[in-house]
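K.L.:
Could you have a look at this structure, given as structure tokens, before my questions?
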Amino acid sequence: MFAVNSMFRGQGLGGRALELLIQHTQQQNRLAYVSADNIRAQHFFSKNGWRQDPSQRVDDMFAYINNA
């Protein structure tokens, strides 16, 4: 599994998939929860224009919000 992971990393596929999901749902406000120890996911959402919303944090999960 590591070989497949590293083979596709850095090609922008995750960002493109997120963009397509946003276009498909056409919702105005989006919220994603990311584990506090998942640094890669935190970086991914920040890099794609999402911001942390401390008021939505639950236990050890950070909340990331994206407003259209």
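Read-outs throughout are calculated quantities, based only on the coordinates presented, and are distinct from any laboratory measurement. What you see is a predicted model, and the numbers here were worked out from it, not measured in a lab. Reconstructed Cβ throughout: ideal geometry from the backbone, glycine too, with neighbour counts over all protein chains shown.
K.L.:
In percent, how large is the relative contact order of the stretch 23-67, given Cα pairs closer than 8 Å and 6 or more residues apart?
P.N.:
Values: 54 pairs, mean separation 21.7, N = 45.
For the stretch 23-67, the relative contact order is 48 percent.
K.L.:
State the extension gain, in nm to one decimal, for the chain segment bounded by Asp59 and Lys47, taking 0.36 nm per residue of separation less the distance between their alpha-carbons.
P.N.:
Details: separation 12, 0.36 × 12 = 4.32 nm, distance 2.34 nm.
Full extension from Asp59 to Lys47 adds 2.0 nm.
K.L.:
Just to be sure I understand the model, the point goes 7 Å from the Cα along the line to the Cβ. What's the resulting Glu19 to Asn67 distance in nm?
P.N.:
Computed distance between label sites Glu19 and Asn67 equals 2.3 nm.
K.L.:
So, one more: Arg57's amide H: which non-local residues (gap 5+, or another chain) put their own amide H closer than 5 Å, with H modeled 1.01 Å from N in plane and none for Pro or chain starts?
P.N.:
Those lying under 5 Å, H to H, from Arg57 are Ala63.
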